[in-house]
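The values are calculated or read from the model by the stated rules, or taken from the named source; none is laboratory data. Every value quoted in this text rests on a predicted model; they were computed, and no experiment measured them. For neighbour counting, all protein chains shown are included, and Cβ atoms are generated from backbone atoms with ideal geometry for every residue, glycine included.
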Amino acid sequence: MKKIVFLTMLLAGTFAHAQAFKGKGDIKGQVGLNVQDGGTGITATADFGLGENLSYGFTATYLLNADRIYDIKPGFDDRADLKARINANIGNVLKIDPKLDVYPGLNLGLRNFGAHLGARYFFTDGFGLFAEGGVPLAKYKTDPVGFDYYNNQFTFVIGASFNL
């Protein structure tokens, strides 16, 4: 019984110091599974704190499993996407658990101008989980068809988040 109480207190102490967003100078890295209509892939992001509630970053996505269209296999340029992004890290504004960060934001990519809404929860100072959804607000091609539809639609990403 003493061992269980000790272990519980040790884990609680470890989790108590975790903080989702620390403000200026904070650096987050995330890697996750990207799910969208017609394909799944991997997404990596890096976010850099500018102020108490503001960060900027970059996103790279590559579809590992993309459907063929008209029996044509998508090329690298059809599968890949890069974006610059800015986030409003509002976990402390909402007065929620400091281990949880909610971040709406805007992004400008190779295929569109869009918005995203994400949340990350840190279990320790260095490791957490995140989920993020994104939508295009303005597409560079008004009616994307074929491979132009990839990375130019609603996307959902879930994965691991790290303090760097």
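Of all the residues in the range 54-72, those that are in contact (Cβ under 8 Å) with a residue 40 or more places away in the chain and charged (D, E, K, R) number 0.
For the subset of the range 48-87 comprising residues that are among the small types (Gly, Ala, Ser) and crowded, with 20+ Cβ neighbours inside 10 Å, which member is modelled with the lowest pLDDT? Looking at the filtered set, the residue picked out is 66.
For the range 56-101, which residues satisfy the criterion of being in a loop (DSSP other than H, G, I, E, B) and in contact with a Pro (Cβ under 9 Å, 6 or more places away or on another chain)? Correct list: 67, 68, 90, 91, 92. Considering only residues that are of a type in the set (S, T, N, Q) and within 15 Å of residue 115 (Cβ to Cβ), look in the range 126-156 and name the one that is surrounded by the most Cβ atoms within 10 Å (Cβ to Cβ). The extreme case among them is 151.
Scan the range 91-98 and give yes if some residue there is buried (at least 16 other Cβ atoms within 10 Å of the Cβ), under 16 Å from residue 161 (Cβ atoms) and modelled with pLDDT of 95 or more, otherwise no. No, that holds for no residue. Only one of the numbered conditions (1) more than 29 Å from residue 23 (Cβ to Cβ); (2) in contact with a strand residue (DSSP E or B) (Cβ under 9 Å, 6 or more places away or on another chain) is violated by residue 77, and that is (2). In the range 102-113 there is no residue matching the filter, namely being within 25 Å of residue 23 (Cβ to Cβ), outside any strand (DSSP E or B) and either in contact with a Ser or Thr (Cβ under 8 Å, 6 or more places away or on another chain) or not hydroxyl-bearing (Ser, Thr, Tyr) (or both). Taking residue 103, is it within 19 Å of residue 24 (Cα to Cα) and in contact with a strand residue (DSSP E or B) (Cβ under 8 Å, 6 or more places away or on another chain)? Yes, satisfied.
Might you let me know whether the range 99-117 holds any residue that is within 16 Å of the chain's Cα centre (by Cα), under 22 Å from residue 42 (Cα atoms), surrounded by fewer than 19 Cβ atoms within 10 Å (Cβ to Cβ) and among the small types (Gly, Ala, Ser)? So far as the range 99-117 goes, yes, one or more of its residues are within 16 Å of the chain's Cα centre (by Cα), under 22 Å from residue 42 (Cα atoms), surrounded by fewer than 19 Cβ atoms within 10 Å (Cβ to Cβ) and among the small types (Gly, Ala, Ser).
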